[in-house]
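Visitor: Once you've had a glance at the structure underneath, I'll fire off some questions.
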Amino acid sequence: MAPIQIRVRTGSSQAHYPIVIGSDVSARLAELLDRFDGGRRRLLVSSPRVWSALGTRIRSGLPGVPHVLAPDGEQSKHLRTVVRLYDAMARAGVDRGTVIVVVGGGVLGDMAGLAAATWLRGLALVHVPTTVVAQVDSAIGGKVGVNHARGKNLIGAFHPPLAVLTDPSLLSTLPRREFQAGLYEVVKYGVIASPPLFRRVERGLAAIEAQELRMLVGVIAECSRIKARVVSADEHETGVRRILNFGHTIGHALEAVTEYRRFRHGEAVGWGMLAATEISRARAELPESDATRIAALVDRLGPRPPIDDLSAAACVAATRRDKKVIRGRLHFVLPTAIGATRITADVSEPELTRALRRLGMP
Ligand SMILES: NC(=O)c1ccc[n+]([C@@H]2O[C@H](COP(=O)([O-])OP(=O)(O)OC[C@H]3O[C@@H](n4cnc5c(N)ncnc54)[C@H](O)[C@@H]3O)[C@@H](O)[C@H]2O)c1
Ligand SMILES: [Zn+2]
């Protein structure tokens, strides 16, 4: 199977970077990098966990390139880890001509991306994403950053990569729960932008869960195309990029009220998509049959950690602190059909509470 190539537009100019997707991309890393970085000096950045799972494969596709490791996982996503990366980059003799090749999930991509954006006022970056979330979402679009005690991703930058090199076969070592959690974001793309993608996941979920490569490559490529299209049109999230937040208003609130310990991000987004779907359904802005299909597909990805011991009032209060509150009004992405959404600022708190109660929250 020839790799699929997708272009992402960046900046106000006509600049582009490629996403290359295929099940032999990791085996061909050296050749692909030569094509996109012109054979510059390289430094691999990964985490102990990712490197012990994939280091041998990465090394055989990209021999002779030094690597440094930094911890990943959400609790490591802060500036202190970025400082450790600066130290490691300095020790490795990184200079302005060096390309940082980050091999890891969204946490590592965001952190190493921030290190690359700032060390020596900016180094070239290539993403080799190794989680579903990183492949369909975080490696695309140029956002990099870390958390602050005040909240998630408050410190950050835009630092578009030279290229995103995506190999879905790297997902084979991912823990089952991480893989499943990423699939909620896949369903999100179907609901916001693509009835064919939605149908493909509905019909092919067993093959996707079995990580059948042809299926996985197709689905990840379709998600990447949607994200690429959206961020190419709106790199800095002033307009259409906001549709990517479908399911995320409630998702973020659930993560916050459980102190980021109970849910994987995708699982919280799963609940959030159900809540937004419920609001649209109650308003009769979404055909009943579409609401049923969305809820059924989200539920097939389960099980998710429960929400029936959390308070709807606390969850609603947490949405008020969301970054997406603009001039005091919370913006909500509501589905109007499978493949179409509407962004609205008129969801009232009682309406939101009713939707959460219908999902079983007291
Ligand atoms: N920049 C963006 O636009 C953007 C978009 C979405 C999400 N994000 C960020 O992404 C982060 C979440 O990323 P994530 O879900 O990838 O989590 P993650 O990076 O924490 O990875 C999950 C776990 O899987 C392990 N892992 C990764 N790849 C593996 C592999 N192939 N085999 C075995 N283990 C592997 C990691 O070590 C980690 O423990 C969040 O911090 C979020 O803010 C950023
Ligand atoms: Zn998300």
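Visitor: Along the Cα-to-C-beta direction of residue 148, a point sits 7 Å from the Cα; which residues of the stretch 252-281 have their amide N less than 19 Å from that point?
Guide: Counting only backbone N, you get 256.
Visitor: Still on this structure, I have one more. Where the centroid of each part is defined by its Cα atoms, how far is the stretch 232-251 from the stretch 115-172 in Å?
Guide: The stretch 232-251 and the stretch 115-172 have Cα centres spaced 17 Å from each other.
Visitor: Counting only residues 5 or more places away or on other chains, whose amide H sits under 5 Å from the amide H of residue 72 once H atoms are built in the peptide plane?
Guide: Here 49 satisfy the definition.
Visitor: Checking the a/c ratio against 1.5 first, then a/b against b/c, what shape does the Cα gyration tensor give for the stretch 207-254?
Guide: Cα axes put the stretch 207-254 in the oblate bin.
Visitor: Here's something else I'd like to know. Below 17 Å Cα-Cα, how many Lys pairs turn up in the chain? Only count pairs eight or more apart in sequence, or on different chains, if you could.
Guide: Taking the Cα cut-off of 17 Å, the pair count is 9.
Visitor: Right, here's the next one. Residue 101's amide H: which non-local residues (gap 5+, or another chain) put their own amide H closer than 5 Å, with H modeled 1.01 Å from N in plane and none for Pro or chain starts?
Guide: It is 43, 44, 45, 126, by chain and number.
Visitor: Specify the angular offset, from 0 to 90 degrees and rounded to the nearest 10, of the alpha carbon long axis of helix 176-193 from the longest principal axis of the alpha carbons in the chain.
Guide: 70 degrees
Visitor: May I ask for the angle, rounded to the nearest 10°, between helix 288-300 and the longest principal axis of the chain, with both axes built from Cα atoms and the value confined to 0 to 90°?
Guide: Roughly 50 degrees, rounded to the nearest 10.
Visitor: List the trypsin sites (Lys or Arg not before Pro) within the stretch 128-181 that DSSP assigns to loop and that have no more than 10 neighbouring Cβ atoms inside 10 Å.
Guide: Hits after loop and neighbour filter: 150.
Visitor: Place +1 on the Cβ of every Lys and Arg and -1 on the Cβ of every Asp and Glu in the chain, take the dipole about the Cα centre, and give the residue among 247, 359, 63 whose Cα lies farthest towards its positive end.
Guide: Final value for the positive-end residue is 63.
Visitor: List the residues, sorted by chain then number, that are 5 or more residues from residue 342 or on another chain and whose placed amide H is less than 5 Å from its amide H.
Guide: Hits under the 5 Å cutoff: 334, 336.
Visitor: What net charge do the residues around residue 18 carry, taking every other residue with its C-beta under 13 Å from that of residue 18, with Lys and Arg at +1 and Asp and Glu at -1?
Guide: Once positives and negatives cancel, what remains is +3.
Visitor: If I histogram all Cα-Cα distances within the stretch 150-242 using bins 5 Å wide from 0, what percent of pairs lands in each bin?
Guide: 3, 11, 19, 22, 19, 15, 9, 2, 0
Visitor: Next up: Using a Gaussian network model on the chain with a 10 Å cutoff between Cα atoms, which of 234, 110, 87 fluctuates the most?
Guide: 87
Visitor: For the chain, find the longest principal axis of its Cα atoms and tell me its angle to the long axis of helix 265-282, 0 to 90°, nearest 10.
Guide: The helix 265-282 is inclined about 30 degrees to the chain.
Visitor: Can you check how the C-alpha radius of gyration of the chain compares to 2.2 N^0.38 Å, as a plain ratio?
Guide: Taking the Cα Rg and dividing by 2.2 N^0.38 Å, one obtains 0.97.
Visitor: Now for a different question. Given charges of +1 on the Cβ of Lys and Arg and -1 on the Cβ of Asp and Glu, with all other atoms neutral, how large is the dipole of the chain about its Cα centre, in debye to the nearest 20?
Guide: With only Lys, Arg, Asp and Glu charged at Cβ, the dipole is about 540 debye.
Visitor: So if R0 is 41 Å, what FRET efficiency would residue 285 and residue 2 give, r being the distance between their Cβ atoms, rounded to the nearest 0.05?
Guide: 0.45
Bear in mind that the values in this text are calculations on the coordinates, not laboratory data. This one's a predicted model, so the numbers in the text were calculated from it and none came from an experiment. Neighbour counts run over all protein chains shown; Cβ positions are idealised from the backbone, glycine included.
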